[in-house]
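Some notes on the structure that comes next.
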Amino acid sequence: MSMTSEDLPSDFPAAVALKRRPAAGPWITAWRKLRRDRAAMAALGVLLLVLLLCLLATAYARHVAHTDPFVSNISGSFTLDGVTRPVLEPSTTGLGLGFTPIGPTWNINGYFLGADNQGRDVAARILYGGRNSLLIAGTSTLICLVLATVIGVVAGFMGGLVDAVLSRLLDVLWAFPIYLLAISLSIVLISKGFDIGPISITSGSLWLPIFIIGIVYVPYVARPIRGEVLSLKSSEFVLAAIGLGVPSLRILWKDVLPNVMTRVIVFVPIMIALNMLTESALSFLSIGVQAPDASWGTIIQDGQTMLYTRPIVALAPGLAIVITVLALNVLGDGVRDALDPKSKLRIGGA
Amino acid sequence: MKQSGWLRRGAAVAVLAMATAGAGLSPALADDAPHKGGVMRLVARSAAGTIDPQINYTLQYFQINYVLYDTLVTFKKVGGTDGFTMVPDLAESVPQPEDGGKTYTFKIRKGIKFSNGQELTVKDVVASYQRIFKISGPTSGTFYNGIVGADACLKTPATCTLAGGVVGDEAAGTVTFHLTQPDAEFFYKIAMPHAAIVPADTPAKDAGTTPIPGTGAYSIASYDPNKQLKLVRNPYFKEWSKDAQPEAYVDEIDYDFGLTDEAEVTAVQNGQADWMFDQPPSDRLAEIGTKYADQVHINTLMAMWYAPMNTNMAPFNDARVRQAVNYAIDRKALVDLFGGPVLGSPTCQILPPGFPGHEDYCPYTKNPGAKWTAPDLEKAKELVKASGTAGQKVSIVVEDTTVSRAIGVYLQSVLNSLGYDTSVKAISPNIQFTYIQNTNNKVQMSVSQWYQDYPAASDFLNILFSCAAFHPGSDASVNISGFCDKDVDAKIQKAMALAVTDQAGANKIWAEVDKDVTDKAPVAVFFTPKHVDFVSKRLGNFQFNPQFQWIVSQGWVK
């Protein structure tokens, strides 16, 4: 005999709870748990702030700093508090060798973080660069997760020859050190682009680093997903569905995929962080984002030649990467805890 | 030639420097008394490839090979413009031309020994010239192709004898050269390290890392391109001519590789190294120019930084576009990128100031005349509009170095402002120079440098802009723009022929050629660079020669 809330005395606490609060779905439960995780919420706040600032890059450059961060301004000058100074200040002591770009003015109306060796506003470039870094990291994560999920689910669920072939392909990809593979692909494709069939990517396109980064990490995500699918495949509810004659595609769509998605979502912030670091490394090596586009990696590279005179040009985008990646990792931990059924007891008991 | 980089099959090239030495900004160091002995440590980012003097074509090793090996005649090894003077080296004297400038007879000095103890003979001289062809030396087809028999040697190097071209007479101790036609630059060409005299039994293949005995003040004790080149005194060396090969001061030179240019500066500052080969990075210039001013030597180079534009590819196949680029670029800004006005002078023309045939000329400036004053962006935009090429894609190929990349980014900004859709490709300095020469790579525009091989206008105008210097599909096509103009070519030939008998008259024609080429704008010349040598406090007697740059053997350490 089964019992419902109707069968309970009306003043029974559990009955009140059951009547007033319909059972929440797993996503809402996870969100509620995530909201209670202060560190994760702080990280999310930081990420949203970074995103917002980067989205305001054009407005900042045009209407606040009044600068074009993609145009060289080597012979230009800048007026602040009634004083006009050259953007690149020539050395006037000793032998008069070299020049030093203007340092941080700490004034949002121009050269807040100073200029680079082309006389461009570093603050404006960091905002534009952040946009590209986030775009590349986000899009490549999407590509990576979609590919990895498809491969992992198909390999794990189909098993047999399909699993063997896909797994070996992943093994081959896995055999290459990630950065070596990414660098090799970038060097090959960066000068001539990519042109196969209907897919055509020009050499300077942002899609090149996006695809390269998206592809090299596929094995790292696909393998655990495959493992998860193998585990799900032998679970009671899947066996029951198979026993009841439910079609495979329906089982895949209704029973396996929803359970795998929690793991995929846990990967999102972690992969964005990883991809952002990879993009920065490639751009730093001149084989990622190409000029005149900027990313945090390319700005670090620009700053590398000014470490002795204007270290902030390299430090500022480096700090932006650190903050963003740290926030993504903290958020990733929070998301994992929120989606982990084993953490229910811990959070619930807290 | 290119300043650095490993040019395996370059056409004519080679670096040098114009000396204002002694003058310029070369402060005397504290201790002027000569010091013999000691070990001197030199540093460089990397080695420069093979140690074979007849093959290596880099400034880095030219500088070293000049003190390891000797040629029949050479440039005087002193600082200043006197360094362009031709003096006898292994020959007893600089011979007078015979047969209308087609024959030269050199009397070989006696008693000179190689570093292996073997005595230098006429046979070694003849064999060395044969070896230039047997190993297919990088300048065998450009510098030495005028020797009788060279054609056959170029076709079948392995059996090269230069029969009738280089004739030795052991009894008389002479070597006679026969040329197919008079060559006003013959002495310059045989003074290059590629014509170094090596033992006759030297294998006819690239020596790689195996030292070849020489007659210079030093010999190679060991060479590991990943680590160090060690030079010690040549035990058999006895100074026979202070002008040609003066005796060295330090006992040993350790040339270490593998440091970054930043680390090189720090090593010199700390006294851990005595000299750095590479130019100090831009962010250290102000520091060394202020705190270490007495350790800095600045000298003008006979060179140019420039942007070749492919005259056979759109949009640069339209002269108006090339001229527009010349009008639009702010040469002062480019000088700033190179290190400021102390290290470069804006220029519009091909021949550097002070070079034979140079006459001040700049049509691409706000007020056209002798000197560049300011860019003329309006004129540039008018020309681009007239050409109807705005909106086209342009790619600029630069070296992946700080300065080259910065110049590329600046040019990108300028071309974008003229209406083009421009991209910059930075590739390794090791391959960029050959890459931009090969027409198969379809390079539209690039950033490059050219340094004199020897002080003759032809080394710029003939080598870079003659039709003969354009070799489609080859990595050795230093006429990077693919510029070929029959009228200009005719004038080049005329100047070269006249130079044999009337150098002053030839220089006037070269000045015309310089103006013609500048007007047709196959390239955009940016500036004439200067060279910075940063040395340790203990290094004395720094002498900068226009041909060899710093004369390594003449430095002493305390």
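Across segment B:500-515, not a single residue is classified as closer than 20 Å to B:Ile396 by Cα and surrounded by fewer than 24 Cβ atoms within 10 Å (Cβ to Cβ). Of B:Ala196, B:Ala204, B:Ala263, all but one fail to be closer than 30 Å to B:Val125 by Cα, aliphatic (A, V, I, L, M) and open to solvent by 30 Å² or more (accessible area, probe 1.4 Å); the exception is B:Ala204. For A:Ala39, the stated conditions hold: it is exposed (fewer than 14 other Cβ atoms within 10 Å of the Cβ), in contact (Cβ under 8 Å) with a residue 24 or more places away in the chain and of a type in the set (Gly, Ala, Ser). Residue count for segment B:115-133, restricted to those that are part of a loop (DSSP other than H, G, I, E, B) and touching a helix residue (DSSP H, G or I) at 6+ places or on another chain (Cβ under 7 Å): 0. Per the conditions (1) within 13 Å of chain A (Cβ to nearest Cβ); (2) assigned to a loop (DSSP other than H, G, I, E, B), the sole criterion not satisfied by B:Ile350 is (1). Whether any residue in segment B:211-232 is over 26 Å from B:Gly38 (Cβ atoms), surrounded by 19 or more Cβ atoms within 10 Å (Cβ to Cβ), of a type in the set (Phe, Trp, Tyr) and in contact (Cβ under 8 Å) with a residue 12 or more places away in the chain is what I want to check. No: segment B:211-232 contains no residue that is over 26 Å from B:Gly38 (Cβ atoms), surrounded by 19 or more Cβ atoms within 10 Å (Cβ to Cβ), of a type in the set (Phe, Trp, Tyr) and in contact (Cβ under 8 Å) with a residue 12 or more places away in the chain. Go through the residues of segment A:245-263 one by one and say whether even a single one is within 14 Å of chain B (Cβ to nearest Cβ), under 19 Å from A:Leu328 (Cβ atoms) and part of a helix (DSSP H, G or I). Among the residues of segment A:245-263, not one is within 14 Å of chain B (Cβ to nearest Cβ), under 19 Å from A:Leu328 (Cβ atoms) and part of a helix (DSSP H, G or I), which makes the answer no.
Name every residue in segment A:286-297 that is closer than 18 Å to A:Ala316 by Cα and open to solvent by 10 Å² or more (accessible area, probe 1.4 Å), in order of residue number. Result: A:Asp293, single match.
Within segment A:60-68, can one find any residue that is within 25 Å of A:Ala294 (Cβ to Cβ), buried (at least 19 other Cβ atoms within 10 Å of the Cβ) and within 14 Å of chain B (Cβ to nearest Cβ)? The answer is yes; a qualifying residue exists. The single condition among (1) part of a loop (DSSP other than H, G, I, E, B); (2) modelled with pLDDT under 95 that B:Gly100 does not satisfy is (1). Which of the residues belonging to segment A:287-318 are among the hydroxyl-bearing types (Ser, Thr, Tyr), touching a residue at least 60 places away in the same chain (Cβ under 8 Å) and within 15 Å of A:Asn117 (Cα to Cα)? Residues satisfying the conditions are A:Thr298, A:Thr305, A:Thr309. Here segment B:234-257 is the region considered, the condition is being at pLDDT 95 or above and not in a loop (DSSP other than H, G, I, E, B), and the residue that is surrounded by the most Cβ atoms within 10 Å (Cβ to Cβ) is B:Ile253. Checked against (1) out of contact with any Ser or Thr (no Cβ under 9 Å at 6 or more places or on another chain); (2) more than 30 Å from A:Ser203 (Cβ to Cβ); (3) in a helix (DSSP H, G or I), B:Pro341 passes all but condition (3).
Of everything listed in (1) in a strand (DSSP E or B); (2) hydrophobic (A, V, I, L, M, F, W, C); (3) within 12 Å of chain A (Cβ to nearest Cβ), the single unmet condition for B:Trp450 is (3). A count restricted to segment B:409-444 and to residues that are touching a residue at least 40 places away in the same chain (Cβ under 8 Å), within 19 Å of A:Ile187 (Cβ to Cβ) and away from chain A (no Cβ under 12 Å) stands at 5. Scanning for something within 14 Å of another protein chain (Cβ to nearest Cβ) and either open to solvent by 10 Å² or more (accessible area, probe 1.4 Å) or of a type outside the set (Asp, Glu) (or both), does segment B:298-316 turn up at least one residue? Within segment B:298-316, one or more residues are within 14 Å of another protein chain (Cβ to nearest Cβ) and either open to solvent by 10 Å² or more (accessible area, probe 1.4 Å) or of a type outside the set (Asp, Glu) (or both). Please indicate, with yes or no, whether at least one residue in segment A:270-284 is free of Cβ contacts under 8 Å to residues at least 24 places away in the same chain, open to solvent by 40 Å² or more (accessible area, probe 1.4 Å) and within 14 Å of chain B (Cβ to nearest Cβ). Yes, segment A:270-284 contains a residue that is free of Cβ contacts under 8 Å to residues at least 24 places away in the same chain, open to solvent by 40 Å² or more (accessible area, probe 1.4 Å) and within 14 Å of chain B (Cβ to nearest Cβ).
Per the listing A:Ser77, A:Ser91, the residue uniquely of a type outside the set (A, V, I, L, M), at pLDDT below 95 and touching a helix residue (DSSP H, G or I) at 6+ places or on another chain (Cβ under 7 Å) is A:Ser91.
Selection of first residues in segment A:78-94 that are closer than 15 Å to B:Gly339 by Cα and of second residues that are of a type in the set (Lys, Arg) and open to solvent by 40 Å² or more (accessible area, probe 1.4 Å), restricted to Cβ pairs under 9 Å at least 6 apart or on distinct chains, gives the following pairs, ordered by first then second residue: A:Gly94/B:Lys291. For segment A:303-340, filtering for residues that are of a type in the set (D, E, K, R) and either in a loop (DSSP other than H, G, I, E, B) or buried (at least 24 other Cβ atoms within 10 Å of the Cβ) (or both) leaves 2.
Taking segment B:264-321 as the range and being at pLDDT below 95, more than 22 Å from B:Ser46 (Cα to Cα), in a helix (DSSP H, G or I) and touching a Ser or Thr at 6+ places or on another chain (Cβ under 7 Å) as the test, the residues that pass are B:Ala286, B:Gly289, B:Thr290. For first residues located in segment B:134-156 and farther than 13 Å from B:Ile55 by Cβ and assigned to a helix (DSSP H, G or I), partners that are open to solvent by less than 20 Å² (accessible area, probe 1.4 Å) and modelled with pLDDT under 90 and lie 6+ apart or on another chain with Cβ distances below 9 Å form the pairs B:Ala150/B:Ser140; B:Cys153/B:Ser140; B:Leu154/B:Ser140. Selection of segment A:142-188 for residues being out of contact with any Leu (no Cβ under 9 Å at 6 or more places or on another chain), more than 28 Å from A:Ile287 (Cα to Cα) and of a type in the set (Val, Ile, Thr) yields A:Val150, A:Val162, A:Val165.
Facing chain A (nearest Cβ under 10 Å), part of a helix (DSSP H, G or I), more than 19 Å from the chain's Cα centre (by Cα) and touching a residue at least 24 places away in the same chain (Cβ under 8 Å): does that describe B:Val335? Yes, satisfied.
Residue-by-condition table, conditions (1) crowded, with 23+ Cβ neighbours inside 10 Å; (2) within 27 Å of B:Val394 (Cβ to Cβ); (3) basic (Lys, Arg):
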{"position": "B:Asp294", "(1), (2), (3)": "no, no, no"}
{"position": "B:Asp318", "(1), (2), (3)": "no, yes, no"}
{"position": "B:Val325", "(1), (2), (3)": "yes, yes, no"}
{"position": "B:Leu337", "(1), (2), (3)": "yes, yes, no"}
{"position": "B:Gln349", "(1), (2), (3)": "yes, yes, no"}
{"position": "B:Pro352", "(1), (2), (3)": "yes, no, no"}
{"position": "B:Asp360", "(1), (2), (3)": "no, no, no"}
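Of everything in segment A:243-269 that is open to solvent by 30 Å² or more (accessible area, probe 1.4 Å), β-branched (Val, Ile, Thr) and within 16 Å of the chain's Cα centre (by Cα), the residue that is modelled with the lowest pLDDT is A:Ile265.
Tell me yes or no: at least one residue of segment B:380-396 is among the hydroxyl-bearing types (Ser, Thr, Tyr), within 11 Å of chain A (Cβ to nearest Cβ) and open to solvent by 30 Å² or more (accessible area, probe 1.4 Å). Among the residues of segment B:380-396, not one is among the hydroxyl-bearing types (Ser, Thr, Tyr), within 11 Å of chain A (Cβ to nearest Cβ) and open to solvent by 30 Å² or more (accessible area, probe 1.4 Å), which makes the answer no.
The values are calculated or read from the model by the stated rules, or taken from the named source; none is laboratory data. Quick caveat: nothing in here was measured; it's all calculated off a predicted structure. Neighbour counts run over all protein chains shown; Cβ positions are idealised from the backbone, glycine included. Quick note on the areas: whole protein, heavy atoms, side chains included, nothing else; ligands and nucleic acids left out. Shrake-Rupley method; radii C 1.70, N 1.55, O 1.52, S 1.80 Å.
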